[in-house]
Amino acid sequence: MKKVIATLSVLSMLSLTAVPAFAHDNGNGKSQAHGKIKAHFTMPTNPNLNMSDVKGHWAEKFILDLIKKGVLSGMDAKHFEPDNTVSRAQWAVMVTRYFDLQNTATKQDFTDVPVKSWEYSYVESVKDYFDAYRDLNGNLAFHPDTAATRQDVTVTLVKILTKLDPTIKVMDATAADALLKGQFSDADKIAPVLRPYVATAVQYDLIHGDGKGHFNPKDSLSRAEAATLLDLLLENNIVVGDDQPDVPTTDQSHATALTALSNTIVTNLDNTTHALTVANGTTVAILEAILSVDGGKGTVQVYTDSTKATEADSAATLTNSMVVVATAQDGTTKTSYTIALPEVKSTVTTLTTSSNVLVTTIDNTDHKLTVLNGLTASALKTVLSVDGGKGTVEVFTDSTQTTKVEDSATLTDTMTVVATAQDGTTKTVYTIAL
């Protein structure tokens, strides 16, 4: 899976102090112009730009921009109601007008959106891009008056953008789960069927969390926030209006620096030595999904080895022999990164002895030792080994294991030996017989 479009930093602007935080700027900054998606706007002759509750509002510029383009209109002649929640029907109207979607329906698809309702044509135009509901009788419902949620808005935009620009690919379910759980503590609250779309939006910087590790999928948006989101698509040249020039493709970046969307999957990333440390069990698809070249401008590909002759299968689990190649936006400049996997520490606590004179028997089933009379704790620890030397041995005064025995102390049959595995957690207690 390759990232083939520029970073879509649409909602990072909404994290500014003066703006309610629908998204949090992750530090990538503005996206590079993308501009493959064209928008045709039907400009009204006399747009109403004098609504009293828009002047001086933090989203005034964005709202007025879209009113001029015929995407937005007021709730009445004097009011836009920017701080009111945007409903699913209102959001349907906005995206239909914005992307110039057409209604091809020949019948009513939703039980709660009759043909004569004001929103019918808009809802039918966006039906392929919205998540719908099904009642107990199997009939579809749209819930037009219900508040549009972050989840709704994200899925709608990703579905539309992937339809209009085939280079934007929806992430697979496994990679999506890994990315979202690495980013958001409330990832499980995102509907499973919608997670690939939300993860795709995160992957391409279309949307972020709240800066506190939450995505808040069920939170609603205001009409102002919805307007801002759409207008930023134009401002960041992700969508190009028919009154805008085509985006130039010159002066492309040569940078190949990597960033990772999850520090639980990529635990260390060194752009100087070009080395990655990745959690055990991570697949190629997941790694490619969470890595970003130069803020999303370039592409990422994993190869089976340092020859870079064969691309690794997306379902394959990463190994130390694989190599990550970061290709810059120019398509020519490349940097290879090595992959390191953390050592899997042993949980074995089996004891062995280097002297069957000092330790005459070891029972690793019943966890008993028979040792020579007069043997000191130090001498016992010297001849005992946990899992071939990977673990440690300690001697305690009794079975409570609260007090360690002095190294010079002579062993007694009330003492216990604790074998700790390499992982530092797994322990087995052995009794001593003289």
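The values are calculated or read from the model by the stated rules, or taken from the named source; none is laboratory data. This is a predicted model, so every value here is computed, not measured. Counting neighbours? That spans all protein chains shown, and the Cβs are built from the backbone with ideal geometry, glycine included.
Overview of values
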{"quantity": "Selection count where residues are hydroxyl-bearing (Ser, Thr, Tyr) and either more than 25 Å from Leu206 (Cα to Cα) or at pLDDT below 90 (or both), scope the stretch 117-161", "calculated": "4"}
{"quantity": "Leading residue by the ranking (surrounded by the most Cβ atoms within 10 Å (Cβ to Cβ)) among those in the stretch 168-180 that are part of a helix (DSSP H, G or I) and without any contact (Cβ under 8 Å) to a residue 60 or more places away in the chain", "calculated": "Leu180"}
{"quantity": "Output for the stretch 107-138, where each listed residue is buried (at least 17 other Cβ atoms within 10 Å of the Cβ), within 16 Å of Val155 (Cα to Cα) and of a type in the set (A, V, I, L, M, F, W, C)", "calculated": "Val123, Val126, Phe130"}
{"quantity": "Thr349 being assigned to a loop (DSSP other than H, G, I, E, B) and of a type outside the set (A, V, I, L, M)", "calculated": "yes"}
{"quantity": "Strands (runs of 3 or more DSSP E) lying entirely in the stretch 374-429 (those with 3 or more residues that are within 43 Å of the chain's Cα centre (by Cα) and surrounded by 14 or more Cβ atoms within 10 Å (Cβ to Cβ))", "calculated": "416-420"}
{"quantity": "Restricting the stretch 356-390 to residues that are touching a Leu at 6+ places or on another chain (Cβ under 9 Å) and of a type in the set (Gly, Ala, Ser), the residue that is farthest from Gly424 (Cα to Cα)", "calculated": "Gly374"}
{"quantity": "Verdict on Val371 being of a type in the set (A, V, I, L, M) and either assigned by TED's automatic domain parsing to the domain that holds Gly388 or more than 23 Å from the chain's Cα centre (by Cα) (or both)", "calculated": "yes"}
{"quantity": "Residue match in the stretch 276-294 (condition: farther than 14 Å from Tyr337 by Cβ, buried (at least 23 other Cβ atoms within 10 Å of the Cβ), in contact (Cβ under 8 Å) with a residue 12 or more places away in the chain and among the small types (Gly, Ala, Ser))", "calculated": "yes"}
{"quantity": "Enumerated strands (runs of 3 or more DSSP E) restricted to the stretch 204-304, each holding at least 1 residues that are within 24 Å of Ser321 (Cβ to Cβ)", "calculated": "258-260, 266-270, 275-278, 291-293, 299-303"}
